[in-house]
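Down below is the structure, laid out as structure tokens.
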Amino acid sequence: MIHIKKVMCVCSVLCTVMPHTSPAFGAFEYMGLGWPAATANIRVLGNHPNQFVLNPALMEGPMKPHIALSYQHPFQSLDLQAGALTIINTFRQKAYSHNLEYFGDELYTELKVSSGTSWKVQEGYRLGMSLNSHRLGLSGFSSQHALTLSFSSYAHLTDQLKLGSAVENVIQVKSRLSIPQKFHLGVQYEAGEATRASVLLALEKESALPLEVCLGLLLSSKSFWQVGFGYRDVSGMASVGWRIHTQRMAFHYVCVMHPHLPVSNGFGLELILP
């Protein structure tokens, strides 16, 4: 089961024997969770709470309180479950994101809690930072924990062109659980009036893994609907999803397809508080 998860990028579980320490694990990255999965899980750009988690620099405070719930049934025949809760709030004119993610089954579980915020450097350019707590559990072994810091940036170059980047787990406090570092760089081009089209291109590089190119297309109206498409070249994963939103709430469905495994179906609900 763990080997399947590793090969299919559901959770890359790497076990190595290190002197005087417990086995080191690397995981915490299921690619099919939340609305960004519709556009190949490109999360360094966009205006959805699931994207604020990876790149808090996307937040520009103050923001209205926002709650987002996501549920995913990854690769259905593998009996896995995944879910996330994201809360956006404002304190002293600064926006903060708080996120809880779960992934696993009866034998293997991942739990990640993170909080992040952003700073405005100059007009159109912001920096972000998040503090992450990781917990990994494997049946028959004691749970492992780690604390990490991640950094991100966002640049609004023109009305049509935006740039985002993030480096995950740059600083790690505990060495018993080794969380791999990952670099994201994305660019987004927007065009259109009544129906807006956003083309997204991202490069992702994780330690010891090849560079992955991610392509996304997002079509949206100004007030009601969004449709997303995505493709990741290394894994061959394709995705499609739709989102319906009003001023106070939104609902989405995402389907992630792998060339060799069953599809993943995901749902999400968002509430914007007064």
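Within the stretch 175-199, if we keep just the residues that are among the hydrophobic types (A, V, I, L, M, F, W, C) and under 15 Å from ASN55 (Cα atoms), the residue that is surrounded by the most Cβ atoms within 10 Å (Cβ to Cβ) turns out to be VAL187.
Quickly run through the stretch 131-179 and pick out the residues that are in contact (Cβ under 8 Å) with a residue 24 or more places away in the chain and hydroxyl-bearing (Ser, Thr, Tyr). Selection gives SER139, SER142, THR148, SER150, SER152, SER153, TYR154, SER165, SER175, SER178.
Among the residues making up the stretch 54-83, those that are within 21 Å of SER235 (Cα to Cα) and in a strand (DSSP E or B) are GLN72, HIS73, GLN81, ALA82. Within the stretch 248-265, if we keep just the residues that are without any contact (Cβ under 8 Å) to a residue 60 or more places away in the chain and in contact with a strand residue (DSSP E or B) (Cβ under 7 Å, 6 or more places away or on another chain), the residue that is surrounded by the most Cβ atoms within 10 Å (Cβ to Cβ) turns out to be ALA250. Each residue in the stretch 84-129 was checked for being farther than 29 Å from ALA155 by Cβ and outside any strand (DSSP E or B), and 3 of them qualify. Beta carbons closer than 6 Å, at least 6 apart along the sequence or on distinct chains, pair a first residue in the stretch 64-90 that is charged (D, E, K, R) with a second that is surrounded by fewer than 17 Cβ atoms within 10 Å (Cβ to Cβ) for ASP79/ASP105.
Going by what's in this entry, would SER152 be described as among the small types (Gly, Ala, Ser), crowded, with 20+ Cβ neighbours inside 10 Å and modelled with pLDDT of 95 or more? So SER152 passes the test. If only residues of the stretch 73-107 that are more than 30 Å from PRO274 (Cβ to Cβ), over 16 Å from the mean Cα position of the chain (by Cα) and surrounded by 20 or more Cβ atoms within 10 Å (Cβ to Cβ) are counted, the one that is modelled with the lowest pLDDT is PHE75.
The values are calculated or read from the model by the stated rules, or taken from the named source; none is laboratory data. Everything numeric here is computed off the predicted structure, so don't read it as measured data. We place every Cβ from the backbone using ideal geometry, glycine too, and count neighbours over all the protein chains shown.
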